[in-house]
Amino acid sequence: MHDTTPHTGTGPGQLPSPSTVIAVHVDYVSRARQRGRTPSTPSYFLKSVGSLSRTGEPVARPAGTELLGFEGEIALVIGTRAHRVPLAEAWSHVGAVTAANDVGLYDYRTADKGSNVRSKSRDGFTPLGPDLIDARTVDPTALRVRTWLNGELVQEGRTGDEDLLFPLPQLVADLSQHLTLEPGDVILTGTPAGAGVAVPGDVLEVEVDAPDTPGHPTSGRLRTPVTEGPGDFDPALGALPHVDDRQREDAWGDRAAAGLDAADRELRAAFDGLPTAGVSAELRRRGIDRCVVEGVRPLTAGRGFVGVARTLRFLPGREDLVSARGGGYNAQKRAFDALREGEVLVIDAGEDPTAGTLGDVLALRARHLGAAGVVTDGGVRDSAAVAATGLPVFTRTPHPAVLSRRHVPWDADLPVACGGTTVVPGDIVLGDDDGVVVVPRDIAADVARVAAEKERQDAWVAARVAEGNPVDGLFPPTGRWAEAWERER
């Protein structure tokens, strides 16, 4: 790519040759809401210079992989050297604005552990251009980015104060505190809601413009065809690609777009009406003993649930941490606000019941959002009012003390320990008057099928016992009783 000079004007081919490409994780309010996570400060990752490509050049999804994500973004091209610049001067160091597509292979996100080296820095994974907009001619709060997938508009975001978490000049000023930004360096500024997954044969287009600015400056359409490339990764050299439902959800933007809502509904329906006793017996048959959330009971007898696990973790309430992270829109409130229909919030309170880990207001919020229930190995405040909401809640005990007496809200949507068992987001959780059982998602469908068959057999056996038959040879059925059950089936 060709060198640029400070404040390069628009024109084809006048693209930068950066020494550094930096990308922002999340900046658009719409994206944060979609992800259910709102950062309080900007965070970044690096992309290789070798990932840059021009309009029209293809991006290859390796054979055998699934999740090639696209993210239309506004790219800032540094025009003059920036080192420890104040916020008021930051935009003057931006030479140009253009369109970018922050392509990523989600199949390698788990292996990368946050570095994004393999997932985001492959050759061709940062298309840029086609033209540059002179940054002096545009207001950084008046830009727009749009993305098309096969001609259909799928993303649109603006840079006004109500649209961004962190204004564009703030990104420049913040980064310049930590490293020197040289002319030609590129900052990818995050993507709005609507980012998704492309497959070979698709065509992606991204455009950045300033629609309310005289002359309507534009980057032009950045066009990127998607092809299939080689995928013969050598396991002797490094990690192989891997995807799970968490990666699918992040790549597509939400569970519905990833097709996971339908899978969730099917699994919930498969477990509907099955008792925890029967499900735990089937898990035990498969060698899984640590499947019961010990010590919790329903706040209201007879009010059970089946749902998909979301998680929230509390840490012991060290006083300085409670002051720093216990107030405001903390992890507890964010977790409840992020609940969706059919989900169960499982709370890791360290098995300490001497404070309430939720009360009536949060229970009302969960109920309004359609959550299936809440499980906590801590206490519950306002227990009568919580029960009155109709939300199934399982807890160790009611307790009047506020959360901060014992706990500090820490983080959400990660594996937690609750009542002595591990709960991973996406697991199936069911509760009844016997307690709460956690079913690993990857075996859930088969567990439900076998447990349902066993329930039918048990009902048939109970009917035979009610007729006066002895249990010997009948419970479980053997011999002639086994033959009779097979005929009944």
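Computed from the mean reciprocal separation of all distinct C-alpha pairs, what Kirkwood hydrodynamic radius does the stretch 87-204 have, in Å?
The Cα-based Kirkwood calculation yields 16.0 Å.
Quick check on the stretch 289-438: of the DSSP beta bridges with both residues there, what percent are antiparallel, nearest 5%?
Percentage antiparallel, nearest 5: 55.
Rounded to whole Å, give me the distance from the Cα center of the stretch 28-69 to that of the stretch 419-489.
So the separation of the two Cα centres works out to 46 Å.
How big is the shadow of the Cα convex hull of the stretch 165-225, averaged over all directions, in nm²?
6.5 nm²
Ordering R136, R381 from largest to smallest accessible area (1.4 angstrom probe), what's the sequence?
Order by accessible area, largest first: R136, R381.
Starting from the Cα gyration tensor of the stretch 438-489, multiply each eigenvalue by 5, take the square root, and state the resulting semi-axes largest first in whole Å.
Semi-axes from the Cα gyration tensor: 26, 11, 9 Å.
Sequence gap at least 6, Cα distance under 8 Å: using those rules, report the relative contact order of the chain to the nearest whole percent.
It rounds to 15 percent for the chain.
Quick one: how many Å² of H83 are accessible to a 1.4 Å probe, rounded to 10?
100 Å²
Over the Cα atoms of the stretch 57-135, Rg to Rh with Kirkwood Rh, two decimal places?
Over the Cα atoms of the stretch 57-135, Rg/Rh equals 1.09.
If the cut-off is 28 Å between C-alpha atoms, which lysines fall inside it for K120, apart from same-chain ones fewer than 8 positions away?
K47
Report the rotationally averaged projected area of the stretch 289-366 based on its alpha-carbon convex hull, in square nanometres.
6.4 nm²
I'd like the distance separating the alpha-carbon centroids of the stretch 238-315 and the stretch 333-381, in whole Å.
16 Å
In whole Å, what are the Cα extents of the stretch 289-438 along the three principal axes, biggest one first?
39, 33, 26
Per residue, how many Å² of accessible area does the chain show with a 1.4 Å probe?
Per residue, the chain has 43 Å² of solvent-accessible surface.
Determine the order of F305, F475 by accessible area, beginning with the largest, at a probe radius of 1.4 Å.
Sorted by accessible area, descending: F475, F305.
When every alpha-carbon pair in the stretch 21-255 is counted, what percent end up more than 34 Å apart?
11 percent
Roughly speaking, what % of Cα-Cα pairs in the stretch 12-145 are separated by over 28 Å, rounded to a whole number?
Every Cα pair in the stretch 12-145 considered, those over 28 Å come to 19 percent.
Say the dipole of the chain comes from +1 at the beta carbon of Lys and Arg and -1 at that of Asp and Glu; which of F394, F233, H25 then lies farthest toward its positive end?
So the residue we want is F394.
Report the relative contact order of the stretch 343-489, percent, no decimals, based on alpha-carbon pairs under 8 angstrom and at least 6 residues apart.
19 percent
Convex hull over the Cα atoms of the chain, averaged projected area in nm²?
28.3 nm²
The values are calculated or read from the model by the stated rules, or taken from the named source; none is laboratory data. Note that the structure is a prediction, hence the values are computed from the model and not measured. With ideal geometry, Cβ positions are generated from the backbone for all residues, glycine too; neighbour counts draw on all protein chains shown. Side chains are part of the model used for accessible areas, which takes the heavy atoms of the whole protein and leaves out ligands, DNA and RNA. Shrake-Rupley method; radii C 1.70, N 1.55, O 1.52, S 1.80 Å.
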